[in-house]
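Colleague: For reference, the structure I am asking about is given below.
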Amino acid sequence: MTKEIQLAVLAGLDFPALMAFRRVSKDCKTLVMLVLETEFKRLLSGIAKNMELFRCALEEYEAVIGGYAALAFFTRIELPADHAIQLFLPAWAFTPMLFHMQIVQEATLVRETDIGLIERGLVSSARLRTASRDVVLFQSSKSSAMVPILHGPNTTLMCYISATHFGVPWPRLTFTGRGLIGDFPAGGAISAALLKTRGFDFKLYPWMWEDGGIPQEWEPAWGFINTFQIQPIV
């Protein structure tokens, strides 16, 4: 079986199966990394004039891709064409990343907004227009981009991708099409309604499912954090 056929077969596996296959051997791990790199580039295709420099900026500014784009990466659901790529940034990195997108990637600034949702870990945002779709930068209220991610409206939107790592805080729920709505009913209900059209089922508490919910356990194979790439892109 040629490498092309192997990659085509692996591309059809769901994410937990990919993570399980990755543990079989070193060669399997390499193949899975190639699949993930392909998916990563496909997700971000068209939003950057120079993908190599964009990838470097993501790493330098500790940016995290979240929202529906991250969920689409993990669950293979189609990201609607009108959905923006959401980039979450540490408080200190918001302005440098905005500069990078405008000057290096030639994105057009549509608007910049003071959000002020400190309880959600968000300070401000900036929407930029690129060749393929909009990109929205979110400024965290803290020195970590993960703060607003983990204050998301529901558990399915707490997954993330960075330039070097990825994570799914609630893997057993997320990969079985389930989610818990958070402490912000309006935002949680709106995002949950959209995801229900993609086959997700939402509850306020795990015990509201007939089986009592799926116990959340630490999953070293594909749980909270994993290494995304083996070597830097050259």
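The values are calculated or read from the model by the stated rules, or taken from the named source; none is laboratory data. All of these numbers come straight from a predicted model, not from anything done at the bench. Here Cβ is always computed from backbone atoms with ideal geometry, including for glycine, and neighbour counts include all displayed protein chains. Surface areas here come from the heavy atoms of the whole protein model, side chains and all, with no ligands, DNA or RNA. Shrake-Rupley method; radii C 1.70, N 1.55, O 1.52, S 1.80 Å.
Colleague: Taking segment 51-64 only, how many residues are open to solvent by less than 60 Å² (accessible area, probe 1.4 Å) and not in a helix (DSSP H, G or I)?
Modeller: Matching residues across segment 51-64 total 3.
Colleague: Oh, and also: Specify the residue that is modelled with the highest pLDDT; the eligible residues are those in segment 1-13 that are in a loop (DSSP other than H, G, I, E, B) and either under 16 Å from Glu37 (Cβ atoms) or open to solvent by less than 90 Å² (accessible area, probe 1.4 Å) (or both).
Modeller: Taking the candidates together, the pick is Leu13.
Colleague: Another question about this same structure. Does segment 74-86 contain at least one residue that is in a helix (DSSP H, G or I) and either within 16 Å of the chain's Cα centre (by Cα) or within 14 Å of Thr156 (Cβ to Cβ) (or both)?
Modeller: Going through segment 74-86, the residues in a helix (DSSP H, G or I) turn out to be 74-75.
Keeping just the survivors that are either within 16 Å of the chain's Cα centre (by Cα) or within 14 Å of Thr156 (Cβ to Cβ) (or both) gives 74-75.
Yes; the residues of segment 74-86 include at least one that is in a helix (DSSP H, G or I) and either within 16 Å of the chain's Cα centre (by Cα) or within 14 Å of Thr156 (Cβ to Cβ) (or both).
Colleague: Taking segment 132-157 only, how many residues are modelled with pLDDT under 90 and either part of a strand (DSSP E or B) or open to solvent by 30 Å² or more (accessible area, probe 1.4 Å) (or both)?
Modeller: 4
Colleague: A further question on this structure: Can you find a residue that is among the aliphatic types (A, V, I, L, M) and surrounded by fewer than 19 Cβ atoms within 10 Å (Cβ to Cβ) anywhere in segment 89-97?
Modeller: So the first thing to find is which residues in segment 89-97 are among the aliphatic types (A, V, I, L, M), and the list is 89, 91, 93, 97.
Right, trim to surrounded by fewer than 19 Cβ atoms within 10 Å (Cβ to Cβ) and you get 91.
So far as segment 89-97 goes, yes, one or more of its residues are among the aliphatic types (A, V, I, L, M) and surrounded by fewer than 19 Cβ atoms within 10 Å (Cβ to Cβ).
Colleague: Can you pull out every residue in segment 112-131 that is open to solvent by 30 Å² or more (accessible area, probe 1.4 Å) and either of a type in the set (A, V, I, L, M, F, W, C) or under 17 Å from Gly66 (Cα atoms) (or both)?
Modeller: Answer for segment 112-131, where residues must be open to solvent by 30 Å² or more (accessible area, probe 1.4 Å) and either of a type in the set (A, V, I, L, M, F, W, C) or under 17 Å from Gly66 (Cα atoms) (or both): Ile115, Leu117, Ile118, Arg120, Val123, Arg127, Ala131.
Colleague: Look through segment 18-50, keep the residues that are among the β-branched types (Val, Ile, Thr) and open to solvent by 40 Å² or more (accessible area, probe 1.4 Å), and return whichever of them is farthest from the chain's Cα centre (by Cα).
Modeller: From segment 18-50, those among the β-branched types (Val, Ile, Thr) are 24, 30, 32, 35, 38, 47; that's our starting set.
Cutting the leftovers down to open to solvent by 40 Å² or more (accessible area, probe 1.4 Å) gives us 24, 30, 38.
Values: Val24: 26, Thr30: 22, Thr38: 15 Å.
My answer is Val24.
Colleague: Find all pairs meeting these conditions: Cβ atoms under 9 angstrom apart; at least six residues apart or on different chains; first residue within segment 2-19 and without any contact (Cβ under 8 Å) to a residue 60 or more places away in the chain and farther than 19 Å from Thr174 by Cα; second residue aromatic (Phe, Trp, Tyr) and surrounded by 13 or more Cβ atoms within 10 Å (Cβ to Cβ).
Modeller: Final answer for the pair search is Leu10/Phe21.
Colleague: Here's something else I'd like to know. Restricting the first residue to segment 39-55 and requiring it to be over 11 Å from Glu106 (Cβ atoms), which pairs with a second residue that is open to solvent by 80 Å² or more (accessible area, probe 1.4 Å) and of a type outside the set (Lys, Arg) meet a Cβ separation below 6 Å and a spacing of at least six or different chains?
Modeller: Once the first residue is over 11 Å from Glu106 (Cβ atoms) and sits in segment 39-55, its partners that are open to solvent by 80 Å² or more (accessible area, probe 1.4 Å) and of a type outside the set (Lys, Arg) give Gly46/Ala131.
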